[in-house]
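The values are calculated or read from the model by the stated rules, or taken from the named source; none is laboratory data. Everything numeric here is computed off the predicted structure, so don't read it as measured data. Because the Cβ atoms are built from the backbone with ideal geometry, glycine has one as well, and the counts that use them run over all protein chains shown. These accessible areas exclude ligands, DNA and RNA; they are computed on the full protein's heavy atoms, side chains included. Shrake-Rupley method; radii C 1.70, N 1.55, O 1.52, S 1.80 Å.
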Amino acid sequence: MVNNSRTTGGSSPGAARPFLLPGLAAETGPATQTGPATQAGPATQTGPATQAGPATQAADLGRPERDSADGPEVSVVMPCLNEAESVGVCVRKALEGLAAAGVDGEVVVVDNGSTDGSATVATAAGARVVAEARRGYGNAYLAGFAAARGRFLVMGDADDTYDFADLGALLAPLRAGRADYVLGSRFAGEILPGAMPWLHRYVGNPVLTGILNRLFDVRSSDAHSGMRAFTKDAYRRMRLRCEGMELASELVIAAGRAELRMEEVPITYHPRVGASKLHSLRDGWRHLRFMLLLAPRHLFVLPGLVLLGLGTVGQLALLPGALDLGFHRLDLHFSVLFALFTILGWQLVLLGVFADVHNHAAGWHERRRWPLTSIHRHFTLERGLAAGGVLFAAGLAIDGVVLARWLANSMGPLNELRPALLAMSLMVLGAQTAFGSFFLRLVTAGPSGGHGRAGWASPTVAATSPPEPGELAVAAGPSSAGGPADTPRPGAAAVPDPPVRDEGLGGRGPDPGRDPAAAASPPGAHAGIPARQY
């Protein structure tokens, strides 16, 4: 629910709204902040030219923040792709809004390959233009954030849908120190007639926002609003990397992961100028798949446990014979169906564990919850092999009983299909567990027991915080973007190698042969994972 106050969800308009649901903050680790090792030395000065080259796009956000005397307090960042009709209006409104708020600021327009003279219009209106050749909503914003010089960052589209003249309300919680991240909520404010299609207003945005809130335990009334503000430090802590429209979802997820203090302020949403570049079904699906792939517990593990439990109980209930429910008789065909549920359910659980390990290795450090916490804390290769061996042996024993009865019947007709199905299920589960344990050991600790040893993989790992108790710190190999793991992504902060513990999932202790000086030096950050790969 939302209200009409300037902030939503708090006890008073001036109260900071908690981003995580009650009771969940205690389960998460410390806030994901970049320590001193992430500071990349002196700041790289942006040249005077209005068109920033690759050096500007690759600015290291791990550098120390600029002092207010050296740069503007606020940077308003706008992506632009053929917005000549509206970008000049937006730039002038932003400059007026900054002046009305009494802050020293700049407007950074990121030209994402416009062919209609948008860059010239933006420059004439008073903006500093940054060129970003790589197409994509996320790419444009990441380039703009990297080039921004302000202590506070404001983002908004250049199509005149957001009222930049009212920047004071968006900046007030940041300047007062109440919040790290402020979301301009259209649904808590006003959506003017014709500004948002009916499908987006009553189906797309509410459904996607509800799914995001549920999967990642956050509270947001408008998770896909295009107008937000946050501190430069908050931006570093979020470690954004999406290159496409998924950046809107990633901002909310990453803010919750970093435990940022968040407030929402109502804003007015206006009809856009020019044709919309949003494709409802395609972009809606991209947001949904991005969220699901970052939530293996909900996508794989929980559905798998439901199927596994239903299949196991169903097979045991039908083992003595047919079960008459009064309105229907469950017989042999249901035994086959329950066997399928059992095998499929366990396969989904294993896929969820593998997906969770992959996400952490790739830099998506989401908070783990039951049962993933228990699995990662207690699993070792030997325990997995033991569990798989017990399951397989139990199934083999049941098959042995069936064989004995068949031999006792002089190898004649035999009605033992239900026990045979149960035996098959147990043997398949045992084999899956054993081989899955080998695979999990391989992707987490390597064949020799640790990624950090020569001849296996890079000893560095990009992470924002040390592993949770009982969890293995996983070193990332080549990034999903196709480049090496130590290739910096523009706007990504380099972070130190966290300690690796000899706990859970075959973790190892400190490597005696490892150079402490090398371990202390910050490696390069993960290359960005292109949104298109999701």
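The table below lists the values:
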read-out	value
Anisotropy class of the range 190-248 from Cα gyration tensor, a/c 1.5 cut	prolate
Cβ-derived FRET efficiency at R0 41 Å, ASP233 paired with HIS270, nearest 0.05	0.85
In Å², nearest 10: area of MET196 left accessible to a 1.4 Å probe	20
Using a Förster distance of 30 Å, the FRET efficiency for TRP285-ALA176 (Cβ separation, nearest 0.05)	0.15
Accessible-area value, PHE435, 1.4 Å probe, nucleic acids and ligands omitted, Å²	150
Accessible area in the full protein assembly, largest first, 1.4 Å probe, for GLU73, GLU85, GLU264, GLU96	GLU85, GLU96, GLU73, GLU264
LEU192 paired with LEU278, simple spin-label distance in nm, labels 7 Å along Cα-to-beta-carbon	1.6
Cα gyration tensor category, rounded, prolate or oblate, for the range 352-425 with a/c compared to 1.5	prolate
Shape of the range 131-193, Cα gyration tensor, a/c cut at 1.5	oblate
SER410/LEU340 FRET efficiency (R0 41 Å; Cβ-Cβ; nearest 0.05)	0.80
Estimated distance in nm for a label pair at HIS333 and ARG201, the labels positioned 7 Å out from Cα along Cα-to-Cβ	4.9
